[in-house]
Amino acid sequence: MQFDQQHFKILKDINAFSGIKRYRGMLPAKLAIFHDAGKVEELVDEECVERIVITFACGSERVMLKLTERGHDLLEELLPVYEEAAKEADLGEVCSEGEDSQVVEVKRTPTSSLSKTQCILLSDVYHYSKIHSYGGLMPSDILETYSPKDISSLSGNGYLIHVKAEVGKGKKRKGVILSDKALRLLQGFNMVPANSMVPAWRTPCG
């Protein structure tokens, strides 16, 4: 497929959000409305962009766009071709610098009604999210090996966020990630490093 300047601009805009913790390195799809939807779809089909649907405990959903490894490679390949466009101010660098200057205070002695097995499940989700091949989430097939009751409880109480991702033609994956609330709990119990990155968005359900 022949990629053009419109494809480049889409990739560049998504990449600009890679350093913004509030969006966890992804571009909200609603902010891509000024781009040609067909061009975005072509990048998804070509496995350069991943479309991710995040479902929160209250039932609301958020659609995000994220660069794949191929997308990053393509962006670097197109950079010299559309050098003038690349000279525009990089919103990602400016915003990420501001975000990094913030200090996250962690409560060290949390109180929780969660069981030991539920805390272990949250810890496992955290560690699976660090495995590169799983793309930042615990896959659903692995999640299914845990107690359905625990999963339901943690999801309903805002500790787990369900995610569906689409990349390529007909290629999909789904699983769960931790909410801010869950990560802070694990940090308080010293189950994960205190300097772990807090998930970058805020749940719209409060």
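Each reported figure results from applying straightforward, stated rules to the coordinates on display, with no laboratory input. The shown structure was predicted, so the numbers you read here are calculated from the model rather than taken from an experiment. Reconstructed Cβ throughout: ideal geometry from the backbone, glycine too, with neighbour counts over all protein chains shown.
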Checklist outcome for this item: Taking every other residue with Cβ under 13 Å from the Cβ of Arg173 and scoring Lys and Arg +1, Asp and Glu -1, one gets +2
Checklist outcome for this item: With R₀ set to 30 angstrom, the calculated FRET efficiency between the beta-carbons of Ser113 and Ile33, to the nearest 0.05, is 0.10
Next on the checklist: Checking the table Lys39/Lys66; Lys116/Lys174; Lys12/Lys130; Lys149/Lys169 against a 22 Å threshold on Cα-Cα, which pairs fail?
Outcome noted: Lys116/Lys174; Lys12/Lys130; Lys149/Lys169
